[in-house]
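Single-structure report; data block below.
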Amino acid sequence: MQGYIIDIKPVKDDDLIVSILTETSILTTYRFYGARHSNINIGYKIDFELEDTKSTIPRLKDVIQLGFEWILDYEKMYCWQRFIKNFKPHFKDLEEIDSFYFYNLDNLVHIMIKQNALRAICESYLSILEHEGRLHTDYECLICENKITENISLVRGFLPVHAKCTYSRIFELKKIKELFEEKKLINLNDEEVEYLWNIILQGL
């Protein structure tokens with residue numbers, strides 16, 4: 001079985017509770033501490049087996065890390081880990097999920113080989129919003145519920161609002177339309193992309 005580690009919680013004697021996003025589920029597993037265990041961390045893709053125990057949580061065993069080409073690139077790995085940590089609260093109390101999320105992460109890993117990490121992650125996040133029906137291309141302000149016809153701002157979840165309704169960063173409407181409808185950030189500068197990144201960090 002393969003999956004992405006989305007959360008790690010230390011428990012007694014250096015054991016760990018490890019949450020894993022697989023193709024069809026969010027697994028909560030128990031990893032016993034041991035010198036021969038391979039290192040694991042948030043964001044790692046792993047191949048693994050599960051062993052039923054007397055506990056309600058299966059034991060994680062036979063873990064093999066499946067490396068990325070950029071895994072030693074500190075900047076990319078830092079961004080990747082901050083992004084993937086958001087999946088744990090996003091799927092709170094869920095066990096079964098659509099395979100879309102696993103393959104979306106697989107695709108993002110590949111794209112990040114050549115593309116800027118923040119831009120790649122923003123495009124991946126747009127795909128998630130679209131898949132979940134949360135990408136608002138009606139361009140109606142969340143606050144006042146009126147149509148946005150000129151400058152636009154975005155809040156958590158990339159929800160569109162009038163700049164005057166939130167006093168947040170102003171974007172040209174045509175840039176956000178291109179972003180939402182074509183899933184491309186080519187006409188956004190690095191400062192604008194970083195602003196979008198900070199929105200994503202508020203939660204998926």
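The values are calculated or read from the model by the stated rules, or taken from the named source; none is laboratory data. This structure is a prediction, so every number in the text was calculated from the model and none was measured. Cβ coordinates were reconstructed from backbone atoms using ideal geometry, including for glycine residues, and neighbour counts include every protein chain displayed. For accessibility, only protein heavy atoms count, side chains too; no ligands or nucleic acids. Shrake-Rupley method; radii C 1.70, N 1.55, O 1.52, S 1.80 Å.
A few remarks follow.
- Test for LEU118: is it assigned to a helix (DSSP H, G or I) and under 24 Å from the mean Cα position of the chain (by Cα): yes
- Any hit, region 60-77, residues being within 15 Å of LYS9 (Cβ to Cβ) and not basic (Lys, Arg): yes
- Hits in region 181-204 (condition: at pLDDT below 95, open to solvent by less than 90 Å² (accessible area, probe 1.4 Å) and either under 20 Å from ARG134 (Cα atoms) or not in a loop (DSSP other than H, G, I, E, B) (or both)): LYS183, LEU185, GLY203, LEU204
- Meets criteria (within 28 Å of LYS177 (Cβ to Cβ), at pLDDT below 95 and either open to solvent by less than 30 Å² (accessible area, probe 1.4 Å) or among the hydrophobic types (A, V, I, L, M, F, W, C) (or both)) for LEU142: yes
- Some residue of region 16-35 being out of contact with any strand residue (DSSP E or B) (no Cβ under 7 Å at 6 or more places or on another chain), among the aliphatic types (A, V, I, L, M), free of Cβ contacts under 8 Å to residues at least 60 places away in the same chain and open to solvent by 20 Å² or more (accessible area, probe 1.4 Å): yes
- In region 81-88, the condition of being assigned to a strand (DSSP E or B), closer than 23 Å to ILE128 by Cβ and touching a residue at least 60 places away in the same chain (Cβ under 8 Å) is met by no residue.
- Restricting region 92-127 to residues that are open to solvent by 60 Å² or more (accessible area, probe 1.4 Å) and charged (D, E, K, R), the residue that is nearest to LEU27 (Cα to Cα): GLU95
- Some residue of region 60-76 being open to solvent by less than 40 Å² (accessible area, probe 1.4 Å), part of a loop (DSSP other than H, G, I, E, B) and touching a Ser or Thr at 6+ places or on another chain (Cβ under 9 Å): no
- In region 36-54, the residue that is modelled with the lowest pLDDT out of those that are part of a strand (DSSP E or B), of a type outside the set (A, V, I, L, M) and surrounded by 18 or more Cβ atoms within 10 Å (Cβ to Cβ) is PHE48.
- Test: residue in region 128-144 that is touching a residue at least 60 places away in the same chain (Cβ under 8 Å) and part of a helix (DSSP H, G or I): yes
- A single member of ILE84, ILE128 is under 22 Å from TYR195 (Cα atoms) and touching a strand residue (DSSP E or B) at 6+ places or on another chain (Cβ under 6 Å), and it is ILE84.
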